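Encoded as structure tokens, the structure appears first; notes follow it.
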Amino acid sequence: CALTGWTSLPDTNHGEDAYLVNDEEIAVKRAENLLFRMLELADQCDVLPVAHSFNIVLDCWAKSEVDGAADGALELLRLMSDYGVEPDEISYNSLLHAMSKESDPWWSTQADNIIREMREKKIPMSLITYNVLMSVRGRSMAKDGAARAEELLRNMENEGFSRNEISYNICIDAYARRGNHVKAE
């Protein structure tokens, strides 16, 4: 049984893709389309998607600069359980990474909800989880975003994580984005 179906999206060399923003958006949509095709064929082909299958597409959303990437990643993560696949730490970290590119403070609140969900499901968090959560807080334009990122930095050791240069750089960036160069230093 061959996995086909990704070709149903328009080719980047034709004018048919005007509804898509750029090649990056086309790539993300193609990856997502192929995952959905895999899900459609699961019963017929004995090709079952696993968390890794979803994580690849979540990572595409996270690394893209496509408008609405966080929405796409959140929607995909919520679909996982519909297909009997539970999100893992990588799934959640990819979603948080996508959220970190959003400046709307709403996403910072959503990130807090995601962390709460991870804790409820007893999904382990890593230094990567903490750094990307700091990034969500720091890049959001919430008034207290930089302070909340710094608070997380200060609490990391209590949670058993050693801060690294990435952790500090995220907080420096958060204050610099707000024009608070004294705190950034």
Taking the range 59-69 and keeping residues acidic (Asp, Glu) and not in a loop (DSSP other than H, G, I, E, B) leaves Asp59
Checking Pro49 against (1) part of a loop (DSSP other than H, G, I, E, B); (2) touching a His at 6+ places or on another chain (Cβ under 9 Å); (3) not hydrophobic (A, V, I, L, M, F, W, C), only one condition comes out false. Which one? (2)
Would you confirm, using the coordinates I've provided, whether Lys143 is at pLDDT below 95, in a helix (DSSP H, G or I), open to solvent by 30 Å² or more (accessible area, probe 1.4 Å) and not hydrophobic (A, V, I, L, M, F, W, C)? no
The condition from (1) open to solvent by less than 50 Å² (accessible area, probe 1.4 Å); (2) in a helix (DSSP H, G or I); (3) touching a helix residue (DSSP H, G or I) at 6+ places or on another chain (Cβ under 9 Å) that Ile56 misses is numbered (1)
Taking Ser162 as the residue in question, decide whether it is among the polar types (S, T, N, Q), under 25 Å from Phe54 (Cβ atoms) and either part of a helix (DSSP H, G or I) or in contact (Cβ under 8 Å) with a residue 12 or more places away in the chain (or both). no
Considering residues that are open to solvent by 60 Å² or more (accessible area, probe 1.4 Å), in contact (Cβ under 8 Å) with a residue 24 or more places away in the chain and assigned to a helix (DSSP H, G or I), the number found within the range 70-105 is 3
Across the range 110-121, what is the number of residues that are assigned to a helix (DSSP H, G or I) and either hydrophobic (A, V, I, L, M, F, W, C) or loosely packed, with under 13 Cβ neighbours inside 10 Å (or both)? 8
I'd like to verify a number: residues in the range 122-140 that are closer than 20 Å to Asn180 by Cβ and open to solvent by 60 Å² or more (accessible area, probe 1.4 Å), how many? 1
Hits in the range 150-165 - residues which are among the polar types (S, T, N, Q) and either surrounded by 11 or more Cβ atoms within 10 Å (Cβ to Cβ) or more than 20 Å from Arg119 (Cα to Cα) (or both): Asn155, Asn164
Within the range 29-53, how many residues turn out to be open to solvent by 70 Å² or more (accessible area, probe 1.4 Å) and in contact with a helix residue (DSSP H, G or I) (Cβ under 7 Å, 6 or more places away or on another chain)? 1
Counted residues, the range 33-68 - those being within 22 Å of Met125 (Cβ to Cβ) and among the small types (Gly, Ala, Ser): 2
Any residue at all in the range 60-69 that is in contact with a Pro (Cβ under 9 Å, 6 or more places away or on another chain) and surrounded by fewer than 18 Cβ atoms within 10 Å (Cβ to Cβ)? no
Which condition number does Ser108 fail, the rest of (1) more than 15 Å from the chain's Cα centre (by Cα); (2) touching a residue at least 24 places away in the same chain (Cβ under 8 Å) being met? (1)
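The values are calculated or read from the model by the stated rules, or taken from the named source; none is laboratory data. The structure presented is a predicted model; accordingly, all values stated were derived computationally and were not measured. As a convention, Cβ positions derive from the backbone with ideal geometry for all residues, glycine included, and neighbour counts pool all protein chains shown. Areas reflect the complete protein model, heavy atoms only, side chains present, ligands, DNA and RNA absent. Shrake-Rupley method; radii C 1.70, N 1.55, O 1.52, S 1.80 Å.
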